[in-house]
Amino acid sequence: MNDIYKPPLWPMLLIGVVSLIWVLPLIGIIMTSIRPEGETLKGWWNIEEFTLTLEAWREVWVNYPLWDALWNSIKIAGLSSLGSILLAPMGAYAFAFLNFPGKKVTFLLLVNAFVIPNQILIIPLFTLWRNVGLIDNIFSVIIPFVALSMAWAVFLVRNYLVDFPRSLIDAAHIDGCGHVRTFWSVVLPNALTPMAAVGILQFMWTWNSLMLPMLFLRENIPLPVLLTKIKGTYEPNWDQVAVATIITSVIPLLIFLYFQKYFAAGASNQSGQKG
Amino acid sequence: MASIALNNLVKEFGETRVLHSIDLDIKDGEFVVFVGPSGCGKSTTLRMVAGLESVSSGEIRIGDREVSGLAPKDRGISMVFQDYALYPHMTVRKNLGFGLKVSGTPAAEITQKVDEAAKMLGLEQLLDRKPKQLSGGQRQRVAMGRAIVRSPEVYLFDEPLSNLDAKLRTQMRSEIKRLHKKVRNTIIYVTHDQIEAMTMADRIVVMRGGHIEQVGTPSELFKSPANVFVATFIGSPPMAMVDGEIVKDGASPMFQAANGPLLPIPARLRDKVKVGQKVFYGIRSDSFSPVGHSLPRAGEVHQMSCTVDHVEPLGAETLISVALGNSTVLSKMFNPTEVDVDETRAFELELDACYLFDKGTEQSLDL
Ligand SMILES: Nc1ncnc2c1ncn2[C@@H]1O[C@H](COP(=O)(O)OP(=O)(O)OP(=O)(O)O)[C@@H](O)[C@H]1O
Ligand SMILES: [Mg+2]
């Protein structure tokens, strides 16, 4: 009876194993990036020889326009996320609070765009961008990124707004707000949670996406496209690829760490009601 | 300052009609309370006056303007909501001033008006807090403040006190009353609590199922209810309805309770009943007491003996249920002494304070 409760051991072990599976590739990439390529060709875990060198870290900056690509990535993912964060709540507000003819059908159409594969859009979009001269302009990918995100983003925010206290909107109308002012001054400040969710998802997706930038951009390429170029046809350049990969993944990680508090904030900041 | 008129007001949600041709005139500066059971259309009517709900047909006039087509902000109204609807992301100061800010009032004037309202409601210490840092009663006050700041012609309240505990509710009740005395604006106040209605209203509008059942001052509704619904809704405990019919007993008509005693008919109604008419005999507990424990009776009193069914001591008085035939009637015993269940005692009934309602139409025979 006077034994202190001891938690069972197996969950710890299980978590340990699972974490290891997650962390292993990361360790692999880091190991590859700090050793000469010759040593890791037989596998990064092979440590018969181990030379610590930052040669690859230096070379990749010199050989490739990593800064430009990083800046392009930030612009593309940043603007795409901003677009989705601002536009999705507007659509969601309309679907949640306004009555207009064809509301149900429009909403169904919008959400169903989710199931349309991006690949279908490539050729018509390419023709369009070529005709309006938008090829190699980052907006040739930002525009479809924002448009494609609307399907899930509007859905996500609308589902949140459906539970938004109706009386807050009534109060705003009584206080003299039209729909635009109500949206801007009352709904948006209280919808940070779904907006953060949309932002994070959209940022991850656009940061990592390869296909549209590869097709529509020539010079202004983002990091994932650059990655494919580092891995040359004749030289695998594993060490430099590893460095670029680390740089590519670190930004979304930071963003996620910063914004995750908004997920936790959740519904607690919703209404003035006692609860 | 503004009077309000509802003419033939109808509201339909799709196929269902929830307000059936409401007609009502509210005088300038009057405190009118809408009362009725849940779902009877009180909030809907209020929201139509506010401009939050469209009008299906009929008209709403505030002052001398037809307002059904106007946006809420152009109607000269402000509204207090049941859940207060304070903006969670704004401080109390911003909440109070938001309406003025939207209407483009200069900042200095906003500050002045907000400070004034805060002082009036004792909110000075709380101006920099967010709503979630306030107690329920404080939130309620802020919600009132937000309505006051804009100095509207008409205040609309939708069950503003129903989220408060009993003590705070009593306190806020008198505060709202005092506020009305001070500002003398027209107020429409919705509640389903008849005590709130009785204590606050200049006039009460009793609603049921999208119809107005009766409009009158609290004492009019209490003293001359138009029908069974109003009679049982206003007053606590509710008026008891004894089921029975009118019979001939010698020269004068009498009321024969179903399976129960014969009761005399109040003098004012003797000419209005027909022999054989099925009626309800309405008795309030105050006018039916054990002999020796009643209020001084001015008019005609009928004595009978009844058997006690159930006893509820309330301290200052005791409520006794007795059966009159098939129906149960509550009797109020003033200066109470010990009463036993199943005991048979003499009771007296003040006939002038009794009512008759036709059983078919449920209308009062006084009309
Ligand atoms: N948006 C709506 N769509 C359809 N029906 C509605 C809508 N709003 C209200 N109703 C119906 O209208 C009727 C009146 O509702 P209302 O809210 O006015 O009742 P109430 O008297 O305020 O009741 P309570 O005391 O519960 O607040 C109800 O039967 C309700 O179901
Ligand atoms: Mg209501």
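Provide a whole-number value for the mean count of partner chain Cβ atoms within 10 Å of the Cβ atoms in peptide A:163-171. The partial results should precede the final answer.
On the way: counts 0, 0, 5, 4, 9, 7, 2, 10, 17.
Average neighbour count from other chains, rounded to a whole number: 6.
Using the membrane-span-like helix rule (whole DSSP H runs, Cα extent along the own axis of at least 15 Å, mean Kyte-Doolittle hydropathy at least -0.5), which helices of chain A qualify?
A:10-33, A:66-97, A:119-132, A:139-161, A:192-208, A:238-265
Modelling each spin label as a point 7 Å along the Cα-to-Cβ direction, I'd like the B:T199/B:D342 distance in nm, to one decimal.
Roughly 4.1 nm, to one decimal.
Can you list the GluC sites (Glu not before Pro) in region B:296-345 that are in a DSSP coil and have 10 or fewer other beta carbons within 10 angstrom?
Listed in order of number, the matching sites are B:E338.
Just tell me how shielded B:85-93 is by partners: mean number of partner chain Cβ atoms within 10 Å of each residue's Cβ, no decimals.
6
Summing Lys, Arg as +1 and Asp, Glu as -1, what charge do residues with Cβ under 13 Å from the Cβ of B:P237 carry, B:P237 excluded? Before the final figure, lay out each step's value.
On the way: positive: B:R284, B:K332; negative: B:D286, B:E312, B:E317.
Once positives and negatives cancel, what remains is -1.
Pop the C-beta distance of B:A258 and B:D128 into the FRET formula with R0 = 45 Å and round what comes out to the nearest 0.05.
After rounding to 0.05, the efficiency reads 0.10.
Using Cα positions and a limit of under 29 Å, work out the lysines in reach of B:K248, with same-chain residues fewer than 8 apart set aside.
Partners within reach: B:K223, B:K272, B:K274, B:K278, B:K359.
Return the average number of partner chain Cβ atoms within 10 angstrom of each residue Cβ along peptide B:96-109.
The per-residue average across the peptide is 2.
Which whole DSSP H helices in chain B pass both tests: a Cα extent of 18 Å or more along the axis and a mean Kyte-Doolittle value no lower than -0.5?
Membrane-span-like by this criterion, though nothing is claimed about a membrane: B:107-121, B:136-149.
Counting only GluC sites (Glu not before Pro) that sit in a DSSP loop (anything but H, G, I, E, B) with at most 15 other Cβ atoms within 10 Å, what is the longest stretch of chain A containing none of them?
With a cap of 15 other Cβ atoms within 10 Å, the longest stretch comes to A:50-218.
If you filter region A:148-251 for chymotrypsin sites (Phe, Trp or Tyr not before Pro), then keep DSSP loop positions with at most 10 other Cβ within 10 Å, what is left? Write down the numbers at each step before the final one.
On the way: sites: A:W152, A:F155, A:Y160, A:F183, A:W184, A:F203, A:W205, A:W207, A:F216, A:Y234, A:W238; in loops: A:Y234.
Answer by residue number: A:Y234.
Considering only DSSP beta bridges with both partners in the protein assembly as shown, what is the antiparallel share in %, to the nearest 5?
Percentage antiparallel, nearest 5: 80.
Only sites in a loop by DSSP and with at most 14 other Cβ atoms within 10 Å count here; which chymotrypsin sites (Phe, Trp or Tyr not before Pro) in region A:1-109 make the cut?
Loop-located and lightly packed - A:Y5, A:W45, A:F50.
Once you mark the trypsin sites (Lys or Arg not before Pro) that are in a DSSP loop and have at most 15 other Cβ atoms within 10 Å, what is the longest gap between them in chain A?
No qualifying site falls inside A:43-217, the longest such stretch.
Based solely on its DSSP helices, what 222 nm [θ] is calculated for chain B when runs of n ≥ 4 H residues each add -39,500 (n - 2.57) and the sum is averaged over all residues, nearest 500 deg cm²/dmol? Let's see the in-between values first.
Details: 8 runs with 86 residues, N = 367.
Using -39500 (n - 2.57) per qualifying helix, the result is -7000 deg cm²/dmol.
Which value, in debye to the nearest 20, gives the size of the charge dipole of chain B about its Cα centre, when Lys and Arg are +1 and Asp and Glu are -1 at the Cβ?
Here the size comes out at about 1620 debye.
Below 14 angstrom from the Cβ of B:H302, what's the summed charge of the other residues (Lys, Arg +1; Asp, Glu -1)?
Net of charged neighbours comes to -3.
At a Förster radius of 22 Å, what calculated FRET efficiency corresponds to the Cβ-Cβ distance of A:I27 and A:K231, to the nearest 0.05? Please report the intermediate quantities before stating the final value.
On the way: r = 20 Å, r/R0 = 0.92.
Efficiency for this residue pair is about 0.60.
Hey, which lysines would be in cross-link range of B:K119, C-alpha to C-alpha under 20 Å, not counting anything within fewer than 8 residues on its own chain?
B:K94, B:K101, B:K130, B:K177, B:K181, B:K182
Computed from the coordinates by the stated procedures, all read-outs in this text should not be read as laboratory data. Note that this is a predicted model, so its numbers are computed, not measured. Cβ coordinates were reconstructed from backbone atoms using ideal geometry, including for glycine residues, and neighbour counts include every protein chain displayed.
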